[in-house]
Amino acid sequence: MTKTEIANVALAKFREGRITDIESDTDPVAVVMKDQYPHALELLLEEHRWDFAGRRVKLTELASTPPFGWDHQYQLPSDCIRIKDVNGESTTASSKNFEIEGGVLLTDDDVVEITYIARVVDTTLFAPSFTESLALKLASLTCARLTGDAELAVLLEKQYTVALSKAMHNDAKASGSRETNLMQRLMESSPILGGLHWKRR
């Protein structure tokens with residue numbers, strides 16, 4: 001789906017009519033949709049460790065050092081929505097050896113490699129359930145402005161929450177499937193793990 005098609009799915013949630021181009025500056029409905037689309041997308045990307053939006057990079061150290069507390073500071077990518085892991089350690093770990101301040105990562109590590117969720121705008125990468133969640137989020141953000149119906153906007157937000165849960169489940173299931181397949185291949189090829197394909201010499 002294109003951005004315009006996603007906007008039309010969103011509009012169909014609360015009103016009749018379609019737009020022909022979300023980039024239009026003359027269609028007042030398109031202007032509202034274009035204004036809120038990036039916000040809706042970033043809010044959705046921030047919600048989960050989406051596979052399609054995952055990126056990995058080795059950070060570049062800044063010339064200046066932190067005033068105190070840490071030995072090094074590194075510039076985060078400009079498209080970073082949220083960090084997943086730093087040098088293999090999850091950002092949800094209880095004992096993190098880094099901090100994030102103002103788009104900069106502070107740490108004592110001499111080398112920093114991260115995986116992160118990027119601000120992905122290519123709609124061809126979106127799974128159907130992600131697209132549905134995005135459309136509902138966009139609908140909830142624009143409904144009151146276009147219709148004046150605040151109650152409907154609240155209802156759309158509730159529908160978005162349900163759709164988001166499904167999209168996150170589908171994304172996690174796809175990741176889990178790959179991990180399970182990898183583990184199965186390792187077990188089948190390893191004599192220590194009782195691999196089926198191992199032959200006694």
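The values are calculated or read from the model by the stated rules, or taken from the named source; none is laboratory data. Source: prediction; values computed, not measured. Don't worry about glycine lacking a Cβ; one is built from the backbone with ideal geometry, like all the others, and counts go over all protein chains shown. Quick note on the areas: whole protein, heavy atoms, side chains included, nothing else; ligands and nucleic acids left out. Shrake-Rupley method; radii C 1.70, N 1.55, O 1.52, S 1.80 Å.
Could you identify the single residue in T161, T147 that is surrounded by fewer than 19 Cβ atoms within 10 Å (Cβ to Cβ), more than 30 Å from E61 (Cβ to Cβ) and touching a residue at least 24 places away in the same chain (Cβ under 8 Å)?
Matching residue, one of T161, T147: T147.
Residues R56, R15: which one is under 23 Å from L155 (Cβ atoms) and either in a helix (DSSP H, G or I) or open to solvent by 70 Å² or more (accessible area, probe 1.4 Å) (or both)?
Result: R15 is the single residue among R56, R15 that is under 23 Å from L155 (Cβ atoms) and either in a helix (DSSP H, G or I) or open to solvent by 70 Å² or more (accessible area, probe 1.4 Å) (or both).
So which residues in the range 30-53 are in contact with a Phe, Trp or Tyr (Cβ under 8 Å, 6 or more places away or on another chain) and not in a helix (DSSP H, G or I)?
Once the filter is applied, which keeps residues that are in contact with a Phe, Trp or Tyr (Cβ under 8 Å, 6 or more places away or on another chain) and not in a helix (DSSP H, G or I), the range 30-53 yields only W50.
Which count do you get for residues in the range 104-116 that are open to solvent by less than 30 Å² (accessible area, probe 1.4 Å) and either modelled with pLDDT under 95 or not aliphatic (A, V, I, L, M) (or both)?
3
Restrict the check to the range 24-36 and report whether at least one residue is under 27 Å from S175 (Cβ atoms) and open to solvent by less than 80 Å² (accessible area, probe 1.4 Å).
no
For the range 75-94, check the following and say yes or no: at least one residue is under 19 Å from the mean Cα position of the chain (by Cα), in a helix (DSSP H, G or I), touching a residue at least 40 places away in the same chain (Cβ under 8 Å) and within 17 Å of A53 (Cβ to Cβ).
No.
Please determine whether any residue of the range 15-29 is under 20 Å from the mean Cα position of the chain (by Cα) and at pLDDT 95 or above.
The answer is no; no qualifying residue exists.
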